[in-house]
Amino acid sequence: MASSSRAATKPLLRAQLFSRPANGHVSFIPQVRKVVIEFCDSWASSANTRTFMNNHLEEVARANPHVEFAVQQRSQKEPIARGFYLNNRDKVIPLNGFEVNGIAKKIQLLLDSSGAKIKPLKRRAVESTTESARGIWSGLHVDETFKI
Amino acid sequence: MGHAQKRLASTAARLASSVHASSLKSFPPKEALAGPSASSKTKTPSSLAVKPNFFAADTWAALQPPTKAALSTFTHRIGLATTITSPDVVQQACTHPTFIPLFERHNPKDPVPASNANLSALGNSLLGLFATEFVNATFPHLPTRVMKAAVSAYVGPTTCSHIATEMGAQSLLRWNRTSNTPTRPAVLHADAMASIPRALTAAVYQQHSLLSARKFVHKFFLSREVDLRSMIKFRDPKLALRETVSKFGREKPVSRLLKETGRFSLSPVYVVGVFSGADELGEGFGSSLKMAEFRAAEDALLRLYLTRQPPHLVQLPSSTFSSGVGDVFTASGTAIAPYTPGEIADSEVLYGSAGRTGTQVPGARTLAMSESAADIQ
């Protein structure tokens, strides 16, 4: 004689169900959105950056059509490269002191990064979304139990 | 963070990423600059009275169209550069219909931009189609409610809004927050974002073919991880197992204690297996005999429901369409893959059906077996 009828089990609210991302499993969405190179027109520290921009930036931009490239003036300051990522973070790399191929390497670093904060991996335990392939050991499922 | 702070943070992120000064004719915009016009040389008393300047920065930013570079890079990022060649289609896919009244209010003389209302509706249907056939072909014995929940998890509104954010469409979306009215529900940021992947699916279908749209959906939606195990819930797995086993025409399930340890201690462990004749259907552990038996019945049913067809053997009904360019009515060519429909599974049991006398109806397999037994006799 229940006055309120209850569902047999806890109901699932379908509009709230969602799936977890698996970037890279089938398709890969590159995480870098935009790279901005800020340089000074006059200072010598930006000379290599200006050379890179004049000679190599176009081919880098053509090789990465998924990234917006922009240049901006940053007068009387050291040159920087700023990368914007899909997680709304940005990475800033100063470009003074590098040769032209060093600057190319730093731009490539920005293009390869995911934008996530750099976490030290030495002491972290491995976390996985998939269960273990061989299963977790059970002392009751061996041939001779209680024998170590 | 409270609701107001979250709104502020999301508005700030939106404003910061959408507009770049290089894409504007003049920045700051003329309407933002306060004060009387500089050309008036004689200061008459009437012109000294400062006109009030109503300029809302967030409204101005919301009205700016996305740059061509942003649209092009977005199209390349999702791998549709060769399929969708026009940035206008992508811009249309990223314009929610709530944006149109806002645009008309502030730019009454300009032509109204196209919205993604129709594309979103078409894309939603396509997503439902592809997700349902995929889930049904991959998990043929899944109960109906779980299959529907799985489809919602794969292509539902929450997932669509997550996918749009992960693609980087947040800076391209043009929309306007609208509150609840008697005729239509409220439109929040997640609803507007969710319309983008749907519209993109429809755009792929329109620009190319149904099978290209299917490939797009499999790539972005159906490759994601969904935990089906957590969606299958049991009230009485022993009863469900008894009914399921009888539908398959097998012997009644019997639970047997396989291993035990610590029976009278603080932490006993029992391992119980549930058997149909000599075949073990499932195994469960627990700190009490009842708990272990419950888990064994659960395990047996999960092994049946989560039976998965290997990906290389999955046959989808939509493979009977051809891969020619055009919609399903005009595309020419033959089917890209063979399709043999699977037997309709009879393994589903229903709890507490109202209106029945409580009699258990034998399933198709049991009937077939009894028929063949009668034939032999």
Inset, instruction - For the stretch A:10-61, enumerate the residues that are under 16 Å from B:His162 (Cβ atoms) and touching a residue at least 24 places away in the same chain (Cβ under 8 Å). - result: A:Arg20, A:Ile29, A:Gln31
Inset, instruction - Could you list all residues from the stretch A:61-80 that are charged (D, E, K, R) and touching a Cys at 6+ places or on another chain (Cβ under 7 Å)? - result: A:Arg74, A:Lys77
Inset, instruction - Would you mind telling me which numbered condition in (1) over 30 Å from A:Lys10 (Cα atoms); (2) part of a loop (DSSP other than H, G, I, E, B) B:Ser318 fails? - result: (2)
Legend entry - Per-region count, the stretch A:88-132, residues of a type in the set (D, E, K, R), surrounded by 13 or more Cβ atoms within 10 Å (Cβ to Cβ) and within 15 Å of the chain's Cα centre (by Cα): 3
Legend entry - Residue identified as touching a residue at least 12 places away in the same chain (Cβ under 8 Å) and buried (at least 16 other Cβ atoms within 10 Å of the Cβ) among B:Val254, B:Val271: B:Val271
Inset, instruction - Test each condition in (1) over 30 Å from A:Phe146 (Cα atoms); (2) surrounded by 13 or more Cβ atoms within 10 Å (Cβ to Cβ); (3) at pLDDT 95 or above; (4) not hydrophobic (A, V, I, L, M, F, W, C) for B:Gly249 and report the one that comes out false. - result: (3)
Inset, instruction - Kindly indicate whether any position in the stretch A:133-141 is β-branched (Val, Ile, Thr) and surrounded by 10 or more Cβ atoms within 10 Å (Cβ to Cβ). - result: no
Inset, instruction - Return yes when B:Val135 is within 14 Å of another protein chain (Cβ to nearest Cβ) and either farther than 30 Å from A:Ala116 by Cβ or assigned to a loop (DSSP other than H, G, I, E, B) (or both) and no when it is not. - result: yes
Inset, instruction - Find the residue count for the stretch A:72-116, including only residues that are of a type in the set (A, V, I, L, M, F, W, C), touching a Ser or Thr at 6+ places or on another chain (Cβ under 9 Å) and within 14 Å of another protein chain (Cβ to nearest Cβ). - result: 2
Inset, instruction - From B:Ala203, B:Ala164, grab the single residue that is under 24 Å from A:Arg14 (Cβ atoms) and either in a helix (DSSP H, G or I) or in the same structural domain as B:Thr73 (by TED's automatic domain parsing) (or both). - result: B:Ala164
Legend entry - Selected residue [under 30 Å from B:Ser230 (Cα atoms), surrounded by 11 or more Cβ atoms within 10 Å (Cβ to Cβ), within 14 Å of chain B (Cβ to nearest Cβ) and within 30 Å of the chain's Cα centre (by Cα)] from A:Phe18, A:Phe69: A:Phe18
Inset, instruction - Could you run through the stretch B:138-161 and say how many residues are away from chain A (no Cβ under 12 Å) and either assigned to a helix (DSSP H, G or I) or surrounded by 22 or more Cβ atoms within 10 Å (Cβ to Cβ) (or both)? - result: 3
Legend entry - Boolean, B:Leu211 is aliphatic (A, V, I, L, M), within 30 Å of B:Pro317 (Cα to Cα) and either out of contact with any helix residue (DSSP H, G or I) (no Cβ under 8 Å at 6 or more places or on another chain) or part of a loop (DSSP other than H, G, I, E, B) (or both): no
Inset, instruction - Can you give me the number of residues within the stretch B:98-113 that are under 19 Å from B:His189 (Cα atoms) and either touching a Lys or Arg at 6+ places or on another chain (Cβ under 9 Å) or of a type in the set (A, V, I, L, M) (or both)? - result: 5
Inset, instruction - State the number of residues belonging to the stretch A:128-148 that are within 11 Å of chain B (Cβ to nearest Cβ), of a type in the set (Val, Ile, Thr) and under 20 Å from B:Pro268 (Cα atoms). - result: 2
Inset, instruction - Could you identify the single residue in B:Ser267, B:Ser223, B:Ser246, B:Ser230 that is assigned to a helix (DSSP H, G or I), within 14 Å of chain A (Cβ to nearest Cβ) and hydroxyl-bearing (Ser, Thr, Tyr)? - result: B:Ser230
Inset, instruction - Please verify whether the stretch A:34-51 includes one or more residues that are under 30 Å from B:Val217 (Cβ atoms), surrounded by 20 or more Cβ atoms within 10 Å (Cβ to Cβ) and either in contact with an Asp or Glu (Cβ under 7 Å, 6 or more places away or on another chain) or more than 9 Å from chain B (Cβ to nearest Cβ) (or both). - result: yes
Inset, instruction - Would you check if B:Ser287 is hydroxyl-bearing (Ser, Thr, Tyr) and surrounded by fewer than 14 Cβ atoms within 10 Å (Cβ to Cβ)? - result: yes
Inset, instruction - Kindly indicate the residue of the stretch A:52-66 that is closer than 21 Å to A:Pro94 by Cβ and of a type in the set (S, T, N, Q) and also surrounded by the most Cβ atoms within 10 Å (Cβ to Cβ) among those meeting that condition. - result: A:Asn55
Legend entry - Test set (1) farther than 29 Å from B:Ala131 by Cβ; (2) within 14 Å of another protein chain (Cβ to nearest Cβ); (3) surrounded by fewer than 16 Cβ atoms within 10 Å (Cβ to Cβ) - A:Gly24 fails condition number: (1)
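The values are calculated or read from the model by the stated rules, or taken from the named source; none is laboratory data. Note that the structure is predicted; figures quoted are calculated from it, not measured. No Cβ is skipped: glycine too gets one built from the backbone with ideal geometry, and neighbour counts run over all protein chains shown.
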